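To start, the structure itself, in structure tokens.
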Amino acid sequence: MFVTFEGIDGSGKSTQAALLAAVLRAEGREVVETREPGGTPLGERIRGLLLGDGEIVPFAEAALFAAARAQLVADVIRPALDRGADVVCDRFIDSSLAYQGLARGLGLDAVLELNAPALGSLLPDRTFLLLVPPAESAGRATGRPDRIEREGLAFLERVDRAYRELAAALPARITMLDGGLAPTQLARAIRDELRALA
Ligand SMILES: Nc1ncnc2c1ncn2[C@@H]1O[C@H](COP(=O)(O)OP(=O)(O)O)[C@@H](O)[C@H]1O
Ligand SMILES: [Mg+2]
């Protein structure tokens, strides 16, 4: 199965992705853990461009994410799913829809069109959206904020609203979770929900 984690920075995505991968491995499953942007040599170079300094116009930002995604799907995600492994990905298409499509205003259709060749028919089997109040997320984030994290609270609030809109529109795939719960509690809820899938 293909599982993705979404949410603003500091919402707990990397924590839950690692916990889920560990739980699935303990059950004897093969798990490939990856992240966006990144996950391939090209993708990690694109990550450096995206998160480094300097202005990037919204369409260029969306195109760079789509390019990194195309490489990740072809080299990592599809081969893993084809051999029966589980894939756990920290951010995926919904990040582009929320950040570039809605928060930056490119529009969902434009972002979907740009990403269609990268995805083919691939979508996550389940996406977990971790919700934390934008004003609290900054206090949780560690390390030096990257280019996107430096956008400020108003931008984070747009992203938060965008994610909630997507989850409301796609309830069969996207599950909203209270990111304020304890990590172990969240991990249990996530594993339980996935039991219905495989
Ligand atoms: N459920 C949680 N409750 C409180 N703090 C958390 C929780 N999950 C993660 N954290 C902490 O919040 C910070 C950001 O978590 P992280 O998983 O890196 O978020 P993200 O990958 O979404 O940016 C880390 O310091 C982490 O230890
Ligand atoms: Mg993270």
For Glu157 and Asp109, compute 0.36 nm times the residue count separating them, minus their Cα-Cα distance, and round to one decimal in nm. 15.1 nm
Förster-model FRET efficiency, 25 Å R0, Ala26 and Arg173, C-beta, rounded to 0.05: 0.45
What is the distance, in nm, between label points placed 7 Å from the Cα along the Cα-to-Cβ direction at Leu49 and at Ala182? 4.5
Ranking Thr4, Thr175 by Cβ neighbours within 10 Å, fewest first, what do you get? Thr175, Thr4
Starting from the Cα of Ala196, step 7 Å along the direction of its Cβ; do the same at Arg147; then give the gap between the two resulting points in nm. 3.9
Using the 10 angstrom Cβ neighbour count as an exposure proxy, how do Thr142, Thr127 rank, fewest first? Thr142, Thr127
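Bear in mind that the values in this text are calculations on the coordinates, not laboratory data. Source: prediction; values computed, not measured. All Cβ positions, even for glycine, are placed from backbone atoms using ideal geometry, and neighbour counts span all protein chains on display.
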